[in-house]
1. Condition first: free of Cβ contacts under 8 Å to residues at least 40 places away in the same chain and either of a type in the set (Ser, Thr, Tyr) or in a strand (DSSP E or B) (or both). Now tell me which residues in the range 90-111 satisfy that.
2. Which is over 17 Å from His78 (Cα atoms), open to solvent by less than 60 Å² (accessible area, probe 1.4 Å), at pLDDT 95 or above and in contact with a Pro (Cβ under 6 Å, 6 or more places away or on another chain), of Thr155, Thr201, Thr128, Thr150?
3. So Thr74 passes all but one of these: (1) out of contact with any Pro (no Cβ under 8 Å at 6 or more places or on another chain); (2) hydroxyl-bearing (Ser, Thr, Tyr); (3) open to solvent by 10 Å² or more (accessible area, probe 1.4 Å). Which condition number does it fail?
4. Which pairs turn up if I take residues in the range 62-89 that are more than 20 Å from Val17 (Cβ to Cβ) and assigned to a loop (DSSP other than H, G, I, E, B) and look for partners that are among the hydroxyl-bearing types (Ser, Thr, Tyr) and open to solvent by 30 Å² or more (accessible area, probe 1.4 Å) with beta carbon separation below 8 Å, at least 6 apart in sequence or on another chain?
5. Tally the residues that are closer than 14 Å to Val30 by Cα, open to solvent by 10 Å² or more (accessible area, probe 1.4 Å) and not hydrophobic (A, V, I, L, M, F, W, C), restricting the search to the range 77-91.
6. Could you grab me the full set of residues in the range 22-42 that are open to solvent by 50 Å² or more (accessible area, probe 1.4 Å), farther than 20 Å from Thr201 by Cβ and touching a residue at least 24 places away in the same chain (Cβ under 8 Å)?
7. Name the residue that is nearest to the chain's Cα centre (by Cα), counting only residues in the range 50-61 that are more than 10 Å from Phe39 (Cα to Cα) and part of a loop (DSSP other than H, G, I, E, B).
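The values are calculated or read from the model by the stated rules, or taken from the named source; none is laboratory data. Only a predicted model underlies this, so the values are computations on that prediction, with no experimental measurement involved. For neighbour counting, all protein chains shown are included, and Cβ atoms are generated from backbone atoms with ideal geometry for every residue, glycine included. Calculation scope for accessible area: heavy atoms of the full protein, side chains included, ligands and nucleic acids excluded. Shrake-Rupley method; radii C 1.70, N 1.55, O 1.52, S 1.80 Å.
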Amino acid sequence: RTVSYHGTVTPGGPPDVRELAHLIVTKVSVGPMDNNAYFLRCRDSGDELLVDAAAEPGRLLSMVGDGPLRTVVTTHRHHDHWGALAEVVTATGATTVAHVEDAEAIDVPTDVLVRDGDTVTVGACSLTVVHLGGHTPGSMALLYDDPQGTPHLFTGDGLFPGGPGRTTDETFDELVFNLVAKVFEALPDETWIYPGHGNDTVLGQERPHVMEWLDRGW
C-alpha cells in the first residue's frame, strides 16, 4: 500500500509495491549494478509498462501480472539499463520505446521513438517524456502527474539522492540546465523521484544539491 511503500530494494530481494489511485508501481532491483526496474500497471485495464528491462529477464518476466506487458521504455542507452530487453520483448511482444537520440545505440530495435514532451501510455494512464540529456544524448525521465496525488518522476540516471547523475564535464552543464528548467522549476518539492539505481527520494530533498552545482558556476 502507499503508506508502507519506502522505495528501498536490494539485488535479489523482494519488490516494493506502491498503490496509487490509478496506477500500481512495483520496484525491483536486478543485476550486478543494482539497477532498478519499475513495473507500472494501470488499475483500470490491467495493462503494464516496464521502465528499464535492465537485467535478469527470467525474474522480470515472472513479475508480469495478469494484464499484458504492453510497453518497455528504456531511459537511456547504457547497457545496464537494457540488458534483459531482448528476452523480455521476445517473450511478451511488448512495444519498445526510447528517445530518438539514444535508440540507435540500443541493440534491440526501438518501435516508438520519442522526444521531449511526447506521451507514453499504459492503459488509461499517461506518462510525459522529459528529455534531460547530459548523461547520454537521449537520456530521459518519465513524468506521471497523478490526478489524485503528487507527481511521480522516473529519472533513469539523470537524478539520484544526492543530486544529478554522474556524467562527463562536457555534458554536465546540459544535464543540470535541463534538471533546473524542466524538473526543479516545473514540479513541486513533494514530487516523488524513482531513480535508475538506489533508493527513492523526493524533489525537495534534492533541490539543495542541485543549487550547490549552480553555485559552483556551471
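1. The answer is Thr90, Thr92, Thr95, Thr96, Val97, Thr110.
2. Of Thr155, Thr201, Thr128, Thr150, the one residue that is over 17 Å from His78 (Cα atoms), open to solvent by less than 60 Å² (accessible area, probe 1.4 Å), at pLDDT 95 or above and in contact with a Pro (Cβ under 6 Å, 6 or more places away or on another chain) is Thr201.
3. In the conditions (1) out of contact with any Pro (no Cβ under 8 Å at 6 or more places or on another chain); (2) hydroxyl-bearing (Ser, Thr, Tyr); (3) open to solvent by 10 Å² or more (accessible area, probe 1.4 Å), Thr74 misses (3) alone.
4. Close Cβ pairs satisfying both conditions: Thr74/Thr110.
5. 3
6. Scanning the range 22-42 gives His22, Arg41.
7. So the residue we want is Ala54.
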